[in-house]
Each structure stands twice: as C-alpha cells, then as structure tokens.
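Have a look at the structure below, then the notes.
The values are calculated or read from the model by the stated rules, or taken from the named source; none is laboratory data. Keep in mind that what you see is a predicted model, and the values were worked out from it rather than measured. Every residue, glycine as well, gets a Cβ built from its backbone with ideal geometry; the counts of neighbours run over all protein chains shown.
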Amino acid sequence: MTRKAKAGRKAPTAPRKSRAMRDGGRGLSRERIAAAAMALVDRDGLAKLSTRRLGEELGCEAMSIYHHFPSKAHLMDALVDLMLANARVAMEPQWDWRERLRRAAHGFRAMALEHPAFFPFFAVHRLNTPAGVAYIDGIIGILREAGFSDREAAIYFRELGYYLTGAALDETAGYARGPSSAEPVSNETITANFKHLAAAAPYFQPAHFDATFETGLEILLAGIERSGPRQD
C-alpha cells in the first residue's frame, strides 16, 4: 500500500510527452522517414543512425517508424533506393549509347559525392531492391539496344560497376582517408628518394579528381566501343 499524498500536496505524475512527440507519428510516410534518415547520415555519419535518433529528428516515437519499416534493414533498403533516385539512367533517345552511359556514370558519381557518409554502405549492398533492379536493367538495356549481346552487356555492366564503385569509394572513403602507417614515410623522404612519386603527387590532389574521373571513363567507353557489338 502506498501512502496517501499529504494534504495540499499533489501526488507525483509521470512527465507528459511534448506535443511534438505525441503527434509526431501523424503525417509520417516512408518518403519523409527516408529523407530524414539520409539527412541524419549526411550530417552525423552512418554510425549515428538509429530509430531512436531518427524519432527525435522527426518528433515521434521510434515505434512510429516501425509502422512504415518493419526493421532497420528495410529502412536501409529505402536509403539505397533513395540514392539511386538521384542516379537515373539516361534514356533520352536523342543520345547514342556512349552519351547515355557517360551521363549515367556522371550521375552515379554525383550521387556518391552528395551522400559520402552513406556511399560505403551502398557500395557493398546488393542492388536487389526495386530501384536497384530497375537501374541494372536500364544500363544493360542501353548496351543491348546498341547491339551488344547479352554476354557482352553483362561483362560491360560489371566493368562499369568496377570503375564507378572504385572511383566513388576512393573519393568518399578511400585513398588518404583510411588507416595510416604507424610511421608514415615523410614527404621529405619521398622527395629525396622517390622521384617519380614526388613528381606525380600534385595530381593526386582533389583539384584533379574531375579530370581523373573523366579520363578513366573515356578510356573505358572507348574500349567498349572498340570491341564492337558481337552476337553470341
């Protein structure tokens, strides 16, 4: 038995939730939740993404999010599709297959650079979501319409994927961003003893990333073109 509250003194009550937290579940949608999740990742990093943090961003309880996404894995799938929405395959008929692939490649890179904190996850996620399957089909379709066989289209799709994923990882989370040697070779030592690296070093800087990407992409497209469509 609990003691009765003393006269003139109210019994303690549980703290009331803010109006935003009470009403936050209203008006939620998959699109709104996914957009908020991506904004959180962009700002704070992927490691900070949780349904609790996302609920705080949206002004709702975490359980409200689960009404739209049964698990965090489902939410991550939605973020993958949200990324791909910004990397649409160029399907305009006035462009030839090279220009369509070129534009698709630039769209992929722009997508990665817009969301660098999420891209490392995207890079290893299988593209078996609805938008992922549509994206793959679109790229293969460009190659098939150009006259390449099914086998060639599959090979060139993979080659494009190798290049684009590697380039995007390098710019968002790769070279010069990973773990360093405990005792890295000094710039002075490189200048004195490794003349080829020292001479090339300025071109490894971000100011040259665009030109490097363009050069690699054009080499790849030229190689595909030289192979010529062949029927199985």
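Observations
- From the options ALA146, ALA78, residue that is free of Cβ contacts under 8 Å to residues at least 60 places away in the same chain and crowded, with 16+ Cβ neighbours inside 10 Å: ALA78
- Residue match in region 161-170 (condition: closer than 16 Å to ARG102 by Cα, polar (S, T, N, Q) and out of contact with any Asp or Glu (no Cβ under 9 Å at 6 or more places or on another chain)): yes
Okay, residues lined up against (1) surrounded by 12 or more Cβ atoms within 10 Å (Cβ to Cβ); (2) at pLDDT 95 or above; (3) in contact with a Ser or Thr (Cβ under 8 Å, 6 or more places away or on another chain):
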| position | (1), (2), (3) |
| --- | --- |
| LEU160 | yes, yes, no |
| THR165 | yes, yes, no |
| GLY174 | yes, no, no |
| ASN193 | no, yes, no |
| ALA199 | no, yes, no |
| GLU218 | yes, yes, no |
| PRO229 | yes, no, yes |
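- Whichever residue in region 176-222 is in a helix (DSSP H, G or I) and charged (D, E, K, R) and, among such residues, is nearest to ILE142 (Cα to Cα): GLU218
- Pair list, Cβ < 9 Å and 6+ apart or interchain, from region 115-126 residues that are over 12 Å from ALA168 (Cβ atoms) to residues that are in a loop (DSSP other than H, G, I, E, B): ALA117/GLY45; ALA117/ALA173
- Members of region 81-105 that are basic (Lys, Arg) and crowded, with 21+ Cβ neighbours inside 10 Å: ARG100
- Per-region count, region 37-57, residues under 16 Å from ASP77 (Cβ atoms) and assigned to a helix (DSSP H, G or I): 6
- Remark: pairs (first residue in region 191-219, more than 14 Å from ALA167 (Cα to Cα); second residue among the small types (Gly, Ala, Ser) and part of a helix (DSSP H, G or I); Cβ separation under 8 Å; 6+ apart in sequence or on different chains) = THR191/ALA198.
- Count of region 118-175 residues which are of a type in the set (D, E, K, R) and in a loop (DSSP other than H, G, I, E, B): 1
- Every pair of residues 6+ apart whose Cβ atoms lie under 6 Å, when the first sits in region 87-110 and is in a helix (DSSP H, G or I) while the second is of a type in the set (Gly, Ala, Ser): TRP97/ALA146; ARG100/ALA90; ARG103/ALA90; ALA104/ALA90; GLY107/ALA87; PHE108/ALA87; ARG109/ALA168
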